[in-house]
1. Looking at B:E233, B:E166, B:E139, B:E177, which is the one that is loosely packed, with under 14 Cβ neighbours inside 10 Å and either touching a Ser or Thr at 6+ places or on another chain (Cβ under 6 Å) or not in a loop (DSSP other than H, G, I, E, B) (or both)?
2. Go through the range B:185-205 and give me each residue that's modelled with pLDDT under 85 and closer than 25 Å to B:R235 by Cβ.
3. Mind telling me which of the residues B:F84, B:F32, B:F21, B:F51 ends up being modelled with pLDDT of 75 or more and either surrounded by 12 or more Cβ atoms within 10 Å (Cβ to Cβ) or within 29 Å of B:K224 (Cβ to Cβ) (or both)?
4. For B:I326, are the conditions met, namely being within 14 Å of chain A (Cβ to nearest Cβ) and crowded, with 16+ Cβ neighbours inside 10 Å?
5. List the residue pairs whose Cβ atoms are under 9 Å apart, where the first residue sits in the range A:158-175 and is surrounded by 13 or more Cβ atoms within 10 Å (Cβ to Cβ), the second is hydroxyl-bearing (S, T, Y), and the two are 6 or more positions apart or on different chains.
6. Which of the residues that make up the range A:30-51 are within 12 Å of chain B (Cβ to nearest Cβ) and within 13 Å of A:I151 (Cα to Cα)?
7. Mind telling me which of the residues A:I248, A:I217 ends up being surrounded by fewer than 12 Cβ atoms within 10 Å (Cβ to Cβ) and at pLDDT below 85?
8. Return a yes/no flag: does the range A:128-137 have any residue that is small (G, A, S), assigned by the TED database to the domain that holds A:I30 and closer than 26 Å to B:T8 by Cβ.
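The values are calculated or read from the model by the stated rules, or taken from the named source; none is laboratory data. Since this is a predicted model, take the numbers as computed values, not measurements. In this analysis, Cβ positions are derived from the backbone assuming ideal geometry, glycine residues included, and neighbour counts consider all displayed protein chains.
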Amino acid sequence: MRVQIEKISKAFQKKRVVEDLTFSLHPGRIVGLLGPNGAGKTTTLRIILDILKPDKGLIRFDDRKMDRKIGDRIGYLPEERGLYQKYSILDVLIYFARLKNLSRKKSHVEAVRLLDAFDMIDHLEEPIGHLSKGTQQKLQFLVSLIHNPDILIMDEPMWGLDPMNQDLIKNKLFRLRDEGKTILISTHQLAEAESMCDQFVMIHQGKMVLQGSLEKIRKNFYQNMIILEMHQNPDILKKLPHVKKIDISDSLVHLYLDGNAPVKDVMQQIINLADVQRLEIHRPSLHDIFIQTIKSNTP
Amino acid sequence: MKRFLIITWWEFLRHFKSRSFLLSTFISPVIFAGIILIPALFLEDPSANRFRLIGCLEFDTTGICGKVENRLVDVNAGNPLPPFLRFVTINPDTSPRLKERFQNLTELKMELDSLEDTYNTIKERRKFIFQKPRTPGRESSLRSTYDDLIQTREARDLMQLEYQQEKQTTDSLWRIESIEYADNLLNALQLEGYLLIDPEEFRTGMVEFHSLLPSNFLEIDPLKEAVQIVIVEQRLKDEGLRVDKIEEWLDPIKFREIQLQGEEKEEFDFIINYLGPIIIVLFLFISIFTSSGFLFGGVIKEKTNRVIELLLSSVNHQQLMAGKIIGLGLLGIFQIVIWYGLVLILIAFNVFTAGEVTFLTAKNAGLFLLYFVLGYLYFASIFVGIGSLFSNEEDAHHLNQFMRMLSIFPIVLAILVLETPGSLLVRILSFIPPLTPTFMILRTPLGNPPAIDYLISVGIMLISIMIGIFVAGRLFRIGTLSYGKKPGIREIFSIMLSGK
């Protein structure tokens, strides 16, 4: 199911939390919603889930507005987790499945099937409070999947999980993506997002600051930058053509070139001019892009 | 609707299975029953009733103590509560010294009696001699008996004097020892107090009451009443009136209190008409605050662990709030049904009779249930609205305590209803929403309120509930998704008024 977020805005007591935000989610893709704390990620998720109404704009699901049937096709994993500590896993799974309009029988069958798939069948009747934190996190993940949703919205899905369970969840998400599910992940863990998401939406102070696939973003951020390590004074590089700026950090020299500079030629000239120990074309990571974007968009 | 029912059932079931529900259903009533019944049992059990054990000490054998005791039984017979004064005659032990004196006194008395007999015999003999005139030796007989008579009379008078002195001293010692004995019983807390009856002073209406505490703390009014009757009885006897007539006149009155119950009239019974409704109100309040407390705590817990967001991704705010309120309301009704069942079981086992709960007619039970539902919905809307504003139980704890204290306020004010159930003040207070359920439940069996009062109170409660739920809905919608700092009063009012 395709989800179109169209120019949504939301303010709380005159404070604008989300402003004119537009992006889309597509079946078979995992979209990462990135942004610093207070950027408006959770509010955006809540608006998509119809927990909050936007002041302006609208959300379309395959060109339809949100209704109960669509709501039943969305699975949600909130950021902080707890569930009902005194109640059995099975009871809680059935309760949430029933709230997603599954019959009692189907809820039971689905709960058992999922618990078996996630190797938790032995804990079926156990109260949630008796489970380890990691197992509780996994259970919360199952709650969001119990009704086999078409759209999955997850706030920090890897939060609190050990590497093994992270892999388990990641693989499950990849399988769901391959099955054609629409997945939106909000996260702070950029390395994790980089390894999982096909597309990114970065917001800052409620506004979209970046959008697209990692390659596309990198291309936009591709700054013709060369990183090198040398014995001489880096000032000698200033003479080279196409060099805009030189930065030095951690004994590394960052050489910024013009947009249309022939990078290979410049590298050859550096080799000719200086005694270099290291010389490479810089490819920005998602982390670099995130930091740089936030810095450049903060007044 | 289906989701609303799922939430209702879930809330009902999960709290029904909780330990808190079991405690409030079975332990709280036992504690309340204990608070109410233990003092009553304490008063009813003569072996345990040392707290109001009153003694009676008299210095002769006229039996005034016994009369007072009998009259006290008559006075208590007209009291609806079990007698709280138990009356015992004090029989002091005498010391060996006093026993010796009693022995001496007895011997002196015997000697005195013997001298009296001798004197009387001589007197009789002289009378006989006098009656036989002119017999030989008459004169010598008269002379010799005269000497005997004078000697015996002198000896008797001396003995009389000695006896009187000895008796006076012994009596004084006896009084002192008896009072000491009774005081020791007081100091040993075996008695709460004792009546000291001196027959001479008793006739003048003077009776002493000795106790460690001021007598009004001991509530000895029934005792005063009994003594008054005995004194009046004594005085009437002294006036020469017939004993059977006196008994008849002093027979305690039988005061029947008849109460209008709609078109019917029923005899007023303290336990049935007074204590019963108070117990009902207390139990309904346990139920209301058990359910509202679950609601308050549940919302905060779900907010803390973000379950509320999960729920809101499946149902809307109204469905969630309504499901919770109705689910826990049904739990409250179920709790009342359990208590009603327990009452029936207790009646079946003759713990108390069906006659003691006659105020629980179908009409009254229906009214109690109506005011329970209205009271619960009113308080639940406040609790759920306020509860949703807090992100953790610690922040909400003080407010919860404060709200619970405020909720007890109607019960404290209930004394006004018990005193004057039909007064204008009570009627006005019955129309103030937080007080309405308590006041109307109490007024129903006590004051038989007019139909218009029911209509007005129900109307006011319905309007209040609608406003409460509307405001709670706004607070819930905003509050459930707000985290971070505690909301201030201004912020709360702003949300209530603007919904933003």
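1. Values: B:E233 fails: loosely packed, with under 14 Cβ neighbours inside 10 Å; B:E166 fails: loosely packed, with under 14 Cβ neighbours inside 10 Å; B:E177 fails: loosely packed, with under 14 Cβ neighbours inside 10 Å.
Criteria check complete, one pass: B:E139.
2. Residues satisfying the conditions are B:D198, B:P199, B:E200, B:E201, B:F202, B:R203, B:T204, B:G205.
3. On the way: B:F84 fails: modelled with pLDDT of 75 or more; B:F32 fails: modelled with pLDDT of 75 or more; B:F51 fails: modelled with pLDDT of 75 or more.
Going through B:F84, B:F32, B:F21, B:F51 in turn, just one is modelled with pLDDT of 75 or more and either surrounded by 12 or more Cβ atoms within 10 Å (Cβ to Cβ) or within 29 Å of B:K224 (Cβ to Cβ) (or both): B:F21.
4. On the way: within 14 Å of chain A (Cβ to nearest Cβ): no; crowded, with 16+ Cβ neighbours inside 10 Å: yes.
It is false that B:I326 is within 14 Å of chain A (Cβ to nearest Cβ) and crowded, with 16+ Cβ neighbours inside 10 Å.
5. A:M158/A:T187; A:W159/A:T187; A:N165/A:T135; A:K170/A:S195
6. Once the filter is applied, which keeps residues that are within 12 Å of chain B (Cβ to nearest Cβ) and within 13 Å of A:I151 (Cα to Cα), the range A:30-51 yields A:L45, A:I48, A:L49.
7. On the way: A:I217 fails: surrounded by fewer than 12 Cβ atoms within 10 Å (Cβ to Cβ).
After applying the criteria, what remains is A:I248.
8. Residues of the range A:128-137 that are small (G, A, S), as a first pass: A:129, A:132, A:134.
Now drop any that are not assigned by the TED database to the domain that holds A:I30, which leaves A:129, A:132, A:134.
So of that shortlist, the ones also closer than 26 Å to B:T8 by Cβ come out as A:129.
There is at least one residue in the range A:128-137 that is small (G, A, S), assigned by the TED database to the domain that holds A:I30 and closer than 26 Å to B:T8 by Cβ.
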